[in-house]
Every structure is written in structure tokens, then in C-alpha cells.
Amino acid sequence: MSLCLVIDEMHPSLPEYMQEIGVTLHYRPDLKAADVPAALAAHPYDGLMVRSKLRVTAELLAHGPQLRYVARAGAGVDNIDEEAMAAAGVTLLNAPEGNRDAVGEYAVGLLLALFRNIVRADQEVRAGLWRREANRGEEIGGKTIGLLGYGHMGRAFARRLSAFNCTVLAYDHDPAVLPDAYATLVGLAELQDRAEVFSLHIPYSAANHHFVNETLLQGFRQPIWLLNTARGEVLDHKALVQSLQNGQVRGAALDVLDNEKLVTLTPEQQTRFNYLMSTPNVVLSPHIGGWTFQSYRRINEVLAAKLQEFLKVGR
């Protein structure tokens, strides 16, 4: 039997899934981040389930010495100190399988929005303008799409691109990543030499901070279209603005930003954001790539399956 504290809103199916595998929930999405340490100390929880309300740090884990696992309802684990988890003997479970299809579909949508001027055309028609030639677009077919990262999200995007008669290349620094029928694994230099579209699918970590910087962007042989459905911090937004201004980036679709709390933007961030908002070849959305009704429930399914296996082997 496991007792798990849940501190974020979850799909209503969660209690049903957890009951089936013998997990008792204390469902407390009302808890503020500052109140979580006291809640952990008040009960013998062996599990903690989170989204992105708080950072899981060594200090937090010290308040729950009986914890055996932290379940992250989603893919990204950038709010979790994995070294602290390992030091405390706490297992991390996450659910990238739960929203990978949503992200894969959304990335296709962003690429179509960029290539076919969908957002701009909609705004113009609403304003009474009927500009066909000015909105003549590009086709995905025949293009070479380069993916940075070939995990769950990159593969889901590549599978969907297979219907468009395009070439898909992928670079992943992990030598254990294997190719499949949907993409050819290449080195970063070859990807830069051949890609016309560059799509980011790597998780955020200290090592990946601003991995996509001015040097990398200027290293592409030809101007590129850029998509980011990963994390905002993997992209140097100063370099992105410069590359948009000098034409090295033909257009960008960003579902994530380096600071997504827009009311807290620094003056420098605000200046960059103002530029991105005013540029017609940039599409922006509020981190909704994996945010569907289907993925909301599926994340619970994935976590339940992983948690059941974890409890079964008695780790």
C-alpha cells in the first residue's frame, strides 16, 4: 500500500487509476508551494505527485524522509533536482508517453501555420483584407526537417511528418538513441548543412541552457525556419531575435519562452518579446503543445502503469 500526496490539479480519472493499483491519495491541489514541506512532514507519505507548482529540491525531500518516489504528471523534469533525488534514494517517475502525440500533432500545426501564413491571413480577413498573393506559402513536401533531440517528442513529430513526403534528419547526443523508419540520425554538423527547418525537442537541463545559441544558428548553411515545443531556456532568445533580424531565421514558431510569466519580464526580455509579438513571421502560443483533453487523461494512465511496476518490484 502506498500513500501519495498530490499537490497539483490532475484529470478526474486519477483516483480510479490509483485505487486499482493500491495507492491512497491525499489530493491537495489547494496547497501553496510554501506549504508542501509541512504537509510532507505531517504524514508518512511514500509518494509525491507534482506538475510544476514547485521545485523538488534536497531541502524539500528532507521534509519527507520516508518518500520513495516522486511522480511528475508530464514530460519535463526541469523542476526536479535529479541529483538530490538520487542522493535521497527517491525514484523519479514521469510520463512523456502521455503527451507525446499531442506535441507531435501540435508541432505539425505550428509548421503549417508558419509555412502557410495561417495566423496572419486570419487576422487580415478579420480586418477586411483579402490578400492572396501576399500570403502565398511554402509546402512541407520536399523540405528537409532537422530535429534536435530524438526522444518521445521528436519521434512523435517525425512519425507525423512521414505523410508529407519530406526528409527528416535527427541529432541526439545520446549514443543509445536508435534510428527508426521516420528519421535518419546524423551528426549536428550534417544537420546544420542540410536542414531547412530546425525543430527543438530536447529537455531543459543546466547542460542544455542556451544550447541553441548564436553560434549554432549561424552555423546553418542556409536560412532556416525554427520551431520550439520543448523548453524556452534551451534557446537563446537574444540570438533568435538577432537571427530573425539578419534573415538567418526565416520565421519562428514558439510554444515556449525563456520566461513564461509575462508580468515578470525583465526590461531586456520585454524588448525581445515586443519584437517577437510585432513580427509577422513569428507564431506564439502559451505552452499548449501537450495540452489536450486526451493527453490530460493519458498522463494518468502512464503514471499508473509506471507506478504499478515500481511498487511491484518493491524498490
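Read-outs throughout are calculated quantities, based only on the coordinates presented, and are distinct from any laboratory measurement. Every value quoted in this text rests on a predicted model; they were computed, and no experiment measured them. When we count neighbours, we look across all protein chains shown, and the Cβ atoms used for this are built from the backbone with ideal geometry, even at glycine.
Which translational diffusion coefficient, to the nearest whole µm²/s, is obtained for the chain from the Stokes-Einstein equation, given a Kirkwood hydrodynamic radius over C-alpha pairs, 20 °C and 1.002 mPa s? Show your work: numbers first, answer last.
Values: Rh = 21.1 Å.
Using the Kirkwood radius from Cα pairs, D works out to 101 µm²/s.
Below 8 Å, C-alpha to C-alpha, sequence gap of six or more: please give me the relative contact order for segment 100-284 in percent.
Working: 311 pairs, mean separation 35.8, N = 185.
RCO, segment 100-284: 19 percent.
Taking Cα centroids, how far is segment 182-233 from segment 89-127 in Å?
17
Taking a ≥ b ≥ c as the square roots of the Cα gyration tensor eigenvalues, with a/c under 1.5 meaning rounded and otherwise prolate when a/b beats b/c, else oblate, which class fits segment 23-106?
Working: a/c = 1.97, a/b = 1.59, b/c = 1.24.
Verdict is prolate for segment 23-106.
Please name which of Asn274, Ala113, Val313 has its Cα lying farthest along the dipole of the chain towards the positive end, using unit charges on Cβ (Lys, Arg +1; Asp, Glu -1) and the Cα centre as origin.
Most positive-ward Cα: Ala113.
State the antiparallel share, in %, of DSSP beta bridges confined to segment 100-284, rounding to the nearest 5.
Working: 1 of 25 bridges.
Here the antiparallel bridges make up roughly 5 percent for segment 100-284.
With a cut-off of 8 Å between alpha carbons and a minimum separation of six or more residues, what is the relative contact order of segment 1-116 in percent? Walk me through the intermediate numbers first.
Numbers: 164 pairs, mean separation 25.3, N = 116.
Value for segment 1-116: 22 percent.
Output the antiparallel fraction of DSSP beta bridges having both residues in the chain, as a percent to the nearest 5.
In the chain, DSSP labels about 0 percent of beta bridges as antiparallel.
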